[in-house]
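> Just passing along the structure, written as structure tokens.
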Amino acid sequence: RAFLPSHSQCALGFEFEEKKLKQFYSSKNCAIFDDEEIQNLYHLIKEGL
């Protein structure tokens with residue numbers, strides 16, 4: 001499962017702010033995410049393993 005942008009109506013799952021994702025991709029620093037968002041990212045990564 002990739003981290004591809006999609007509409008919330010099209011992909012049932014977690015939502016992340018586009019601005020935060022762009023900043024994360026450019027800086028490779030996850031400090032911009034709060035604890036809940038980090039947990040959601042972790043669940044997405046686990047689904048792909």
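> Kindly list the number of the only condition in (1) of a type outside the set (D, E, K, R); (2) modelled with pLDDT of 75 or more; (3) within 13 Å of the chain's Cα centre (by Cα) that fails for residue 8.
Result: residue 8 passes all but (2).
> Residues in the stretch 2-49 that are at positive phi and either assigned to a helix (DSSP H, G or I) or touching a helix residue (DSSP H, G or I) at 6+ places or on another chain (Cβ under 6 Å) (or both): how many?
0
> Next up: Taking the stretch 14-49 on its own, how many of its residues are farther than 13 Å from residue 4 by Cα and aromatic (Phe, Trp, Tyr)?
Within the stretch 14-49, residues that are farther than 13 Å from residue 4 by Cα and aromatic (Phe, Trp, Tyr) number 3.
The values are calculated or read from the model by the stated rules, or taken from the named source; none is laboratory data. The structure presented is a predicted model; accordingly, all values stated were derived computationally and were not measured. Every residue, glycine as well, gets a Cβ built from its backbone with ideal geometry; the counts of neighbours run over all protein chains shown.
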